[in-house]
Structure formats: C-alpha cells, structure tokens
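Scroll down for the structure; my scribbles are underneath it.
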Amino acid sequence: MTASGSDREDFLEAELTVLLGKHECPVCILANETEQAVLSWLATTNIREETTITKLVKARGLCRRHWGEVLRRRGGDLGASGSRVVSRIAEAAAADLGAGDVTRHSECPVCASIARREGSVLEMLFAALNEPHKLAAYRSSSGLCRPHLALAVELAPEARSRQILIETQRRAFLALAKRLDGRATDAHNRPLAIRRAIALLVGGRCEEESTPNDHRSPTARRRA
Ligand SMILES: [Zn+2]
Ligand SMILES: [Zn+2]
C-alpha cells in the first residue's frame, strides 16, 4: 500500500508531516484520536442496535480498561439495554465453556481499532521515508515513542527504513538527554520538556488532559 491515492490518504499524509513538528510520537497522537473517537461513540451510541450488539458479543466485549472507560463516560451505568448486552456476552462465554473452550481468543474492538490505526499511520510513515523532503522532516523530528519504534522496526518493509528509524530515534533520544541534563531547559519550560521526554520513552500523549494510552506495548496489545 502506498500513502498516495484517495483524498483521505492525501489528508492523512499532510497531517503526518504536521504531526512530525509536534515533538510527540505521531502514532500515539493518531492512535489516541481513534481511541477517543471509538470510546465516545460507544459511550453515546444506542446499544440496542443489533449490529453493535453482535459485534460486542462476537468479541466477548471490550478489554477491562476500555469497559472501564465506557462505564466512566456513561456515569457508571450502562442502563437496561447495556445490561442485556453484558448478559448476552456472559451467555456466549458460557457457550464457549460448554464447547470446552476455556481460552477463547477475542480482541477488544477498541483495541482492534487502535491497532488498525497504528498500522495505517506506520504505512504512511514508511512511504514518507522514500520522499526526500518528508525524510528530512522525519529526521529532524522527535521520531516515535519507544513502543511504536519497536513496532515500526518489526513492520518496516526494508532494512533501509529500519536503519532510518533507529538512527533518527537514537539522535532524538540523545538530544532529549542533552536538553534535560543541566541548564539547557529553564524552569518554565522544564515540565513540558519532561512530559514530552517521558511520553517518547514509554508511549502515550504528553498533554495533561488526554487519556493515557495503554501502558502495554502496541505489539503486546495487538496480541492480547
Ligand atoms: Zn507512540
Ligand atoms: Zn481494549
């Protein structure tokens, strides 16, 4: 897949270039955007709708963290219709056991959406590394967070991309280390610099108001 083509892809590609100037992992920014959008939808949608119910039952519901988020956004109560959905998930779980399946693999639909977005952002990034001006923009950016770097290196289509990713990150981390060591960052700018550095080291957004991303690595979450 190349990142050129549809208008949507062109838009995302332009967005990626802008995101690279933000000193945050662009995959974390867009994955968080997807996560918030899906959670908002789940928190406001009518869960009497059969397509939604079927999807939730088939996945045996959400992961613990995302159920927690939906519950929080719904004021701690899913209501009568939500209660029926959880009842149907429990029935399906009982049927799994009836069929002797105690370790059924199911993927939380919110986590699945995040993983798809991560994959599509990385595809765009790999394509961008083949274009000289975008490559230059990437090289002078803060690169990716460590978990998304690991995922990117795993998925990179060729040795050249892997080398660019690793080398850019090595330089970005060295620059971070220098900036945070000693007097290079004044007291006023220090809190943001520290948040940005921590976000790049462990993944997630550095903005205070955003929901932290899953602390597990993207690869682990994909496989969970
Ligand atoms: Zn990231
Ligand atoms: Zn989840």
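The values are calculated or read from the model by the stated rules, or taken from the named source; none is laboratory data. Computed from a prediction, not measured in an experiment: that's the story for all the values here. We place every Cβ from the backbone using ideal geometry, glycine too, and count neighbours over all the protein chains shown.
Residues of segment 155-196 being part of a helix (DSSP H, G or I) and of a type in the set (Asp, Glu), which ones?
Glu167
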Quiz item: Any residue at all in segment 68-80 that is on the phi > 0 side of the Ramachandran plot and at pLDDT 90 or above?
Solution: yes
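Considering only residues that are farther than 30 Å from Lys55 by Cα and surrounded by fewer than 17 Cβ atoms within 10 Å (Cβ to Cβ), look in segment 107-136 and name the one that is nearest to ligand 1 (Cβ to nearest atom). Let's see the steps before the verdict.
First, the residues of segment 107-136 that are farther than 30 Å from Lys55 by Cα: 125-136.
If we keep only those that are surrounded by fewer than 17 Cβ atoms within 10 Å (Cβ to Cβ) as well, we get 130-133, 135-136.
Numbers: Asn130: 21, Glu131: 22, Pro132: 25, His133: 23, Leu135: 19, Ala136: 21 Å.
Top of the filtered list is Leu135.
Go through segment 67-85 and give me each residue that's in contact with a Leu (Cβ under 8 Å, 6 or more places away or on another chain) and surrounded by 12 or more Cβ atoms within 10 Å (Cβ to Cβ). Break it down into steps so the answer makes sense when it comes.
We begin by selecting, within segment 67-85, every residue in contact with a Leu (Cβ under 8 Å, 6 or more places away or on another chain); these are 69-71, 73, 77-78, 85.
The answer is Glu69, Val70, Leu71, Arg73, Leu78, Val85.
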Quiz item: Exactly one of (1) outside any helix (DSSP H, G or I); (2) free of Cβ contacts under 8 Å to residues at least 24 places away in the same chain; (3) under 18 Å from Thr17 (Cβ atoms) is unmet by His105. Its number?
Solution: (3)
Practice problem: Have a look at Leu97, Leu19, Leu71, Leu30 and point out the one that is without any contact (Cβ under 8 Å) to a residue 12 or more places away in the chain and within 16 Å of ligand 1 (Cβ to nearest atom). | Solution: Leu19
